[in-house]
Amino acid sequence: MNFVHSTSGTGNRAVAVTRVSDMQWHAVEDDLTVGRGDASRRPDGRLFISIDAWHGAVFDRIADAMLADLPTPLYTVVDEADPDSRSAWEQAGFTAARREWGYRVPTDPQVTGLGSVRPPSGVTIVPAGEAEEGPLRALDRIIRDEVEAAVGWQTMPAEVLPRPAGTTVIDPSKYAVARHLDQYVGLVRVAPLTRQPRIGLIAVRTDRHRRGIARALLAHALGSLHGSGAASAWAEVDESNAAATALFEGIGARRAAGTLELVRR
């Protein structure tokens with residue numbers, strides 16, 4: 001069922017904003033779609049919205065309709081290099097919640113200085129595709145619970161891939177893990193994207209922090225990418241994560257983008 005929410009004009013013509021599904025809105029002018037609004041629920045339960053419109057007036061009308069229909073809190077993300085978009089969302093009542101830096105990470109061990117890095121005593125790296133699925137999923141769950149109890153999982157790089165409820169490891173073949181004796185204690189996930197591989201997650205159990213395990217995992221992941229011909233990888237780091245920032249900047253990673261997460265409560 002369609003619901004016409006509001007009408008306005010970009011000039012002398014009327015614009016109608018219609019909710020066409022539970023999570024989608026269209027703005028129509030003279031039978032032409034001039035803007036769209038979409039809502040999606042992230043795996044962590046938060047509701048994110050986005051608006052695609054050429055004119056500021058159309059953006060405002062779609063935003064008004066979506067805000068009237070949806071419960072708060074609502075979230076959105078904007079490129080830090082796009083002040084106009086940020087301003088439009090702020091006028092709709094959104095405020096900055098967190099910042100995420102995008103890093104271009106070199107893979108060449110001569111550049112990163114990771115060529116001589118070895119895992120700490122008693123720790124071995126299990127390459128991607130060779131980890132046992134059961135222990136890997138158990139480690140992922142432990143790490144997620146530890147992060148949630150500390151800074152909250154919302155401070156981790158955004159994960160927007162659809163997945164079955166309760167599932168956190170979508171593709172085990174993308175994970176390399178650090179194993180201490182017979183126990184998995186750390187992991188790194190790399191998405192081998194064609195244009196630029198993405199380091200989606202690197203994490204170590206809390207009781208194994210500050211032993212060089214994360215650095216060893218990163219050395220392994222970047223070394224593997226370099227061997228496959230990738231000159232660089234991409235990684236996102238929350239601005240407040242000083243340890244991760246130091247880890248990446250210490251190997252020559254360069255900040256190349258910034259994303260702001262905004263919230264309306």
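Tabulated data
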| read-out | value |
| --- | --- |
| Accessible-area composition of the chain, carbon plus sulfur, in percent [1.4 Å probe] | 50 |
| With DNA, RNA and ligands ignored, accessible area of LEU181 (1.4 Å probe; Å², nearest 10) | 130 |
| Residue-by-residue Karplus 3J(HN,Hα) for the range 114-129, coefficients 6.51, -1.76, 1.60, Hz, glycine and proline x | 9, x, 9, 6, 10, x, x, 3, x, 10, 10, 9, 8, x, 4, x |
| List ARG99, ARG211, ARG141, ordered by accessible area with a 1.4 Å probe, largest first | ARG211, ARG141, ARG99 |
| Per residue, in Å², the accessible surface of the chain once ligands and nucleic acids are set aside, probe 1.4 Å | 53 |
| Probe 1.4 Å - accessible area at GLU146, Å² to nearest ten | 50 |
| Gaussian network model of the chain, springs between alpha carbon atoms under 10 Å - residue of SER228, SER173, SER85 with greatest fluctuation | SER228 |
| The chain, relative contact order [Cα under 8 Å, separation at least 6], % | 25 |
| Hz values of 3J(HN,Hα) by residue in the range 216-230 - Karplus curve (6.51, -1.76, 1.60), Gly and Pro given as x | 5, 5, 5, 4, 5, 4, 5, x, 5, 5, 4, x, 8, x, 7 |
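The values are calculated or read from the model by the stated rules, or taken from the named source; none is laboratory data. Given the structure is predicted, the values throughout are model-derived calculations rather than measurements. Each accessible area value is taken on the protein alone, full model and side chains, heavy atoms only, with ligands, DNA and RNA left out. Shrake-Rupley method; radii C 1.70, N 1.55, O 1.52, S 1.80 Å.
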